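Step one of this worksheet: look at the structure below.
The values are calculated or read from the model by the stated rules, or taken from the named source; none is laboratory data. Note that this is a predicted model, so its numbers are computed, not measured. Backbone-built Cβ (ideal geometry, glycine too); neighbour counts: all protein chains shown.
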């Protein structure tokens with residue numbers, strides 16, 4: 001038994017393999033789209049108060065920024081625009097679907113100042129102006145040790161900006177534990193060697209801290 005695809009005759013085994021590959025590709029495309037929608041949320045620009053967040057991060061042209069838990073790139077590309085062509089954004093995530101999505105978007109939009117990585121950004125010690133993470137803090141394991149290690153990437157005067165759900169609003173944070181109590185976050189980051197320099201309490205259902213190395 002044989003079939004044809006685009007006029008080319010292939011065996012039944014080859015046809016099944018081709019269909020299987022196509023099906024897996026379609027499933028991955030749908031899965032990625034669902035994940036991106038979950039990361040983006042509905043009306044996120046409004047409840048995330050994105051413009052205010054970027055302003056409070058105090059990004060300057062040429063800054064080097066690590067975006068930890070970049071997800072679908074909601075903040076990655078906004079950070080890249082804020083730091084400009086002379087800056088650099090290291091988009092870090094562990095999800096292969098999101099990494100492929102980020103790389104494809106970087107290529108499609110010809111963004112020259114975003115580097116996508118599946119591990120911690122490979123940057124020289126004391127090189128990063130800002131380490132940023134939004135709504136991913138609750139996913140990190142052994143957070144004190146992890147963020148203690150992140151300190152070495154920060155230049156003198158560099159800052160850590162952390163936003164995470166506080167568990168008071170939203171289906172996922174409240175019902176599935178995708179949140180970190182503010183007191184826990186503060187205590188852990190202090191134990192990791194940071195000092196809170198700014199706290200913003202006007203993000204609904206979220207904690208927003210700016211910290212420096214103690």
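Which of the strands (runs of 3 or more DSSP E) contained wholly in the stretch 114-189 include at least 3 residues that are at pLDDT 90 or above and touching a helix residue (DSSP H, G or I) at 6+ places or on another chain (Cβ under 8 Å)? Please lay out each step first, then the result.
Numbers: elements: 114-117, 128-134, 154-165.
The strands (runs of 3 or more DSSP E) meeting that bar are 128-134, 154-165.
Is it the case that some residue within the stretch 190-209 is more than 20 Å from the chain's Cα centre (by Cα), surrounded by 21 or more Cβ atoms within 10 Å (Cβ to Cβ) and modelled with pLDDT of 95 or more? Within the stretch 190-209 (the criterion being more than 20 Å from the chain's Cα centre (by Cα), surrounded by 21 or more Cβ atoms within 10 Å (Cβ to Cβ) and modelled with pLDDT of 95 or more), the answer is yes, since at least one residue qualifies. Between a residue in the stretch 177-189 that is without any contact (Cβ under 8 Å) to a residue 40 or more places away in the chain and any residue that is in a helix (DSSP H, G or I), which pairs come within a Cβ distance under 8 Å, given they are 6 or more apart or on different chains? Here the result reads 177/138, each pair linking the stretch 177-189 to a residue that is in a helix (DSSP H, G or I).
Those helices (runs of 4 or more DSSP H) of the stretch 23-84 in which 3 or more residues are in contact with a strand residue (DSSP E or B) (Cβ under 6 Å, 6 or more places away or on another chain), more than 20 Å from residue 117 (Cα to Cα) and at pLDDT 95 or above are absent. Of all residues in the stretch 85-111 being in contact with a helix residue (DSSP H, G or I) (Cβ under 8 Å, 6 or more places away or on another chain) and part of a strand (DSSP E or B), which is surrounded by the fewest Cβ atoms within 10 Å (Cβ to Cβ)? Filtering the stretch 85-111 for residues that are in contact with a helix residue (DSSP H, G or I) (Cβ under 8 Å, 6 or more places away or on another chain) and part of a strand (DSSP E or B), the one surrounded by the fewest Cβ atoms within 10 Å (Cβ to Cβ) comes out as 91.
Filtering the stretch 193-214 to residues that are outside any loop (DSSP other than H, G, I, E, B) and touching a residue at least 40 places away in the same chain (Cβ under 8 Å) leaves 194, 198, 200, 206, 207, 208, 209, 210, 211, 212, 213.
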